[in-house]
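A short worksheet on the structure shown next.
Laboratory data are not the source of any read-out in this text; all were calculated from the coordinates shown. Treat the numbers as computed from the prediction; the structure is a model and nothing was measured. Cβ sites come from the backbone with ideal geometry, for glycine too, and all protein chains shown count toward neighbours.
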Amino acid sequence: MGNLVKYVFLFLMVIAGLAATTLYLPNAYSDFSSDGKYLIDASGYLSGSKAIFDSNIALQITTGSNNGSSMQATLDNGLVTIANTHYLNSGLWQISILRDGKYFIIQGDAQDQNGNIIHLNLFGRIVNSNQEGSVFSVSGKITGAETMKVSYSAKIISTNIVTTKPTTPTTTTPIPQSSSIMNISIVYGASDINNQVHYSPSNVQVTSGTTIVWTNNDSVPHRIMSGIAKATTTNQSTSIFASDGKIDSGVIAPGQSFQFTITNFDTSQSLDPKTAARYGIPLNQTAGDITFFDPNYQFMVGIIAPLSQPVIQGTAQVSIIPGASNLANGQYLSSTSLQITPGTTITLTNNDSVPHRILSGQIITTTQGGSKGSAPPKVPQFTSDGRIDSGVIAPGQHYQFTITYTGSTQFYDPSFTWINGIIISSAPTTGQVAPIKISINPGSSSPKGTATQQTYNQYNTYYTPDTIQIVPGTPIIWINNDSIAHTIFSGVSTQRPDNPFTPDGKIASDKIAPGQAFMVVVNDTGIIRFYDPQYTWMNGLIISMPPTSSYSIGATSHNPGLH
């Protein structure tokens, strides 16, 4: 009888243990795995001797290899917010992930812009996990001017996929409110009637609200006007246009730009038949088209056509038309401009009688290697960016590629450079995220911060704002309001005065001249530090959180509880 009671007791203890495990660790598995990247997004409260503070933490970590059931991790970026005061990670941090990812221990220091240091000693325990991530309960302490107890809940998000891509930079300030920008180059030598190609691209399709930016890359001034054909030249080869008063740039000097936002298309107006024929546009598809021209060089004609909806994650077609290899033909592609969303597969078919090759790249705005006074090139010149290369496409064959990123992509045939077009990849109109503007402030190239700020590379007032919170998919525009050129890179802080940042490749601009701008679309989740590699005291933070996150960043204020 005694043995029976003992066995029943042991059986009940086992059942109770299993029940307790089920109760306190539902779905007890973690997203943590070896050699991964994760964002720890924690929020809650700190309790001191006299006050309770709201607090948030965002830590971006990289895990190492497994050592039994444990692994070590390194901190890539860290931001601690206590009562709206921000602290950036400084020095070396120790991060241990234990019991197959069910627990973690984090220790390290962080510093605010005034040089005040806090020490974190945190312990996390998993409480739930699903496909969206894991939830941890976090306790421990943060020590500054006083020691405060930690009460956080934390979400662990995998950030292994990096998709932030730069988009076409540089428009003159001010940046338009429209989130869609189309760049048109007035090519070098455009004033020569024999040049054949005068704008690149010369035929674009856009939605209402798009801002068109014409940049004069020619050596002489130009003027952009919109209008309709009123007559033709005596040999019937060229239309003569009269302004309709909608668009008038005035004189655009070489190297300068003009921008105009298309607010609507007048569908009661149609394209001039001769202009439509020149660009291979069917007459039943010309309603609402806008013709632009240079009144001093009326052979310089371009078209802005309405595009009601972008292609949404499907397929799009581009055809190299018969005779495209002949410059004098005047018609080269069935669609010179596409507007799509990321994930769209584009099929490019060669309907010409000779082979073609398609590369992506950027137009070269000045001649290279030519002597002073030499004749301008008759066709536009490009340099490849390495994104797209079709190889040789034989007549009757096709080439497919998928655009996975947002931004603009210009494509061309290196052997017949008058064959070129542009692809605009953007988020669907519904729910599109408005861009956020960051000013590069006047005088930023001169350090204004304390020696401590310079040593630890804190965010500062060289940018306005210097710290932003966004959701993935947000366009960010840096506007250079300084008197000298600047560059924007993203990177990881090394905490070394001689080389304070290591570029991570997510953001890399060219030189941004005074009055110009640079834009990227950030699709990542996590923390991104940006800086100017020539003036490394100029640095800031981007915190990208999913739309459902409750994480917030407030304005910087003094916190007497820590100072």
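The figures follow:
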{"read-out": "Protection proxy ranking of 522-528, 358-364 - average other beta-carbon atoms within 10 Å, highest first", "value": "522-528, 358-364"}
{"read-out": "Where Rh is the Kirkwood radius over Cα pairs, Rg/Rh for segment 24-158", "value": "0.96"}
{"read-out": "Where labels lie 7 Å past Cα in the beta-carbon direction, separation of Thr315 and Ser415 in nm", "value": "2.6 nm"}
{"read-out": "Set Lys155/Lys506; Lys37/Lys102; Lys102/Lys506; Lys437/Lys506 screened for pairs whose C-alpha atoms are more than 21 Å apart", "value": "Lys155/Lys506; Lys102/Lys506"}
{"read-out": "Sorted by Cβ neighbour density within 10 Å, fewest at the top, the residues Val206, Val251, Val213", "value": "Val251, Val213, Val206"}
{"read-out": "Spin-label pair Arg99/Thr494, simplified geometry with 7 Å Cα→Cβ offset, distance in nm", "value": "4.0 nm"}
{"read-out": "Cα gyration tensor shape of segment 431-544, rounded if a/c is under 1.5, else prolate or oblate by comparing a/b with b/c", "value": "oblate"}
